[in-house]
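J.: Below is one structure. I have some questions about it.
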Amino acid sequence: MMGRREGGQGQFFYAFDLDKVVPRDHLVRQIDGMLDLSWVHDELAPYYSHTGRPSIDPALIIRMLIVGYVFAIRSERQICTEVQVNLAYRWFCKLSIEDNIPDHSVFSRARHERFRESDALRRVFEAVVAKCIAAGLVGGEGFSIDASLIKADVDKTKRVAGDQPIAWPKAEVASRAVREYLTALDAARHDEESGVRDDDSSSGGGSRRKAPKEVSMTDPQAAWVAKTGINPFFAYDANYLVDNKVGIIVDAEGTRANRIVEIAITETMIERVKCRFDLRPQRLAGDSVYGAVRLLKWLMDRKITPHVPVWDKSARHDGTFSRADFVFDEERNLYICPGGAELTSTGNIDQGHIVYYRASKKDCSACSLKPKCTTAPMRKVTRDVDEDVRDRVRSLANTEAFQQSCRERKKVEMRFAHMKRILKLDRLRLRGLSGARDEVLLTATAQNLRRLAKLLCRAPTLAAACAA
């Protein structure tokens with residue numbers, strides 16, 4: 001017989017235990033045991049007033065942000081809605097069934113002021129990395145470095161040519177991203193006047209060797225990316241330094257999309273993990289972007305073997321001899337051309353790192369190979385002052401260790417694929433360089449937490465321990 005539910009008055013009192021309704025194997029239980037936010041209140045106390053209305057608990061805001069990034073909820077309004085109705089999210093955020101959910105607007109002030117000034121999001125990220133190290137998931141011997149473009153939250157039609165003067169609005173009416181850019185420009189000008197050189201322009205508005213092709217009026221720190229085969233767009237870079245053992249992200253940084261910045265931030269991240277965690281890798285794997293001689297020498301000086309293809313533009317594709325066709329005699333400091341003539345140098349260094357080697361006009365004029373060599377009266381070859389470093393790195397390319405690093409480097413590429421396809425960070429929501437940094441850090445934190453949960457709570461016995 002089919003029954004019918006009585007529609008009378010419900011009971012007056014309820015005994016509801018939120019802990020009992022969250023499954024023991026739920027992801028929130030696994031990551032909760034790996035997240036320690038006990039330091040938050042003491043760390044952020046200087047950024048909160050001791051008078052006035054009580055503010056929202058910063059630990060609650062961080063937990064809600066982690067829910068958003070771990071479960072790919074890309075809207076702060078949606079995060080608040082999901083925590084309102086999802087009991088597992090409520091449990092993770094330490095809210096009772098009757099607690100009110102903060103308004104989505106509180107995230108903005110916390111992110112743009114208190115969290116940013118205190119660097120709280122980096123503290124959260126580094127605490128998770130420390131958990132990974134303590135769990136034995138970080139080998140510390142081999143790292144991989146890479147960067148991935150993430151589209152900026154801008155309308156690319158609202159742009160101007162970079163070589164034209166721009167009438168920026170006054171600071172009091174400008175957006176946060178524009179104010180950040182103008183502040184960085186002022187700092188760069190001050191550094192130039194003081195004689196401080198900033199080659200990497202990592203501040204986002206620093207001095208550049210040449211003006212950018214296009215500048216976004218919405219987010220001027222975003223870089224204009226124009227590559228063959230794709231529609232141009234404004235973007236930032238997500239930079240990951242990954243340990244090769246199981247793919248834990250040991251450092252992450254959002255930067256402008258720029259080759260020089262990628263090289264500079266690599267040095268910064270390696271030094272930072274050394275200071276924070278005493279990790280000193282023996283080798284670093286990367287693609288040809290990281291094959292610039294400056295970074296190669298920096299790594300070799302610190303006894304880090306660069307398993308990186310050397311960045312070399314000396315090859316010619318018009319059928320004439322390339323620099324590789326000339327033999328360098330290190331003892332006599334000269335090149336020998338395919339025809340047997342010698343190319344010598346005066347020893348002068350151009351641009352701080354380039355040495356020119358020239359053949360004599362007499363030798364070139366009488367050489368039968370000149371049509372395959374040069375149309376100039378005499379051939380010249382350039383060599384970097386640290387070319388010996390490049391030669392040593394080139395010699396590693398055929399070793400088994402180099403090939404192994406190339407295979408291990410796929411782990412960092414997998415992290416980027418996971419970031420864009422699973423966690424949905426293929427386009428930034430926050431504007432400005434500081435917004436890109438926050439989003440990249442939170443995404444890397446979420447990826448490490450998910451990785452920890454997968455590797456440590458996979459077996460039934462370990463899952464019970466994680467839940468406990």
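The values are calculated or read from the model by the stated rules, or taken from the named source; none is laboratory data. A quick note: this is a predicted structure, and the numbers were derived from the prediction, not measured. Reconstructed Cβ throughout: ideal geometry from the backbone, glycine too, with neighbour counts over all protein chains shown. To get the accessible areas, we keep the full protein, side chains included, count just its heavy atoms, and leave off ligands, DNA and RNA. Shrake-Rupley method; radii C 1.70, N 1.55, O 1.52, S 1.80 Å.
J.: Look through region 379-398, keep the residues that are closer than 15 Å to residue 337 by Cβ and crowded, with 18+ Cβ neighbours inside 10 Å, and return whichever of them is nearest to the chain's Cα centre (by Cα).
T.: 383
J.: Counting only residues that are assigned to a loop (DSSP other than H, G, I, E, B) and out of contact with any Cys (no Cβ under 6 Å at 6 or more places or on another chain), which one in region 324-338 is farthest from residue 384 (Cα to Cα)?
T.: Filtering region 324-338 for residues that are assigned to a loop (DSSP other than H, G, I, E, B) and out of contact with any Cys (no Cβ under 6 Å at 6 or more places or on another chain), the one farthest from residue 384 (Cα to Cα) comes out as 338.
J.: Further, regarding this structure: Which members of region 211-222 meet the condition of being outside any loop (DSSP other than H, G, I, E, B) and open to solvent by 10 Å² or more (accessible area, probe 1.4 Å)?
T.: Listed by number, the list holds a single entry, 214.
J.: Here's another thing I want to ask about it. Filter region 283-323 for residues that are farther than 25 Å from residue 269 by Cα and part of a helix (DSSP H, G or I) and give the result.
T.: 323
J.: A further question on this structure: Which count do you get for residues in region 125-172 that are surrounded by fewer than 21 Cβ atoms within 10 Å (Cβ to Cβ), touching a residue at least 24 places away in the same chain (Cβ under 8 Å), of a type in the set (A, V, I, L, M, F, W, C) and in a helix (DSSP H, G or I)?
T.: Looking only at that region, the number is 3.
J.: Now for a separate question. Out of curiosity, is residue 385 touching a His at 6+ places or on another chain (Cβ under 9 Å), modelled with pLDDT under 90 and not charged (D, E, K, R)?
T.: On the way: touching a His at 6+ places or on another chain (Cβ under 9 Å): yes; modelled with pLDDT under 90: yes; not charged (D, E, K, R): yes.
Yes, satisfied.
J.: I'd like to verify a number: residues in region 416-439 that are at negative phi, touching a Ser or Thr at 6+ places or on another chain (Cβ under 9 Å) and open to solvent by less than 40 Å² (accessible area, probe 1.4 Å), how many?
T.: 6
J.: Let me ask something else about it. Name the residues in region 322-352 that are over 20 Å from residue 394 (Cα atoms) and in contact (Cβ under 8 Å) with a residue 40 or more places away in the chain, would you?
T.: 337 - this is the single residue of region 322-352 that is over 20 Å from residue 394 (Cα atoms) and in contact (Cβ under 8 Å) with a residue 40 or more places away in the chain.
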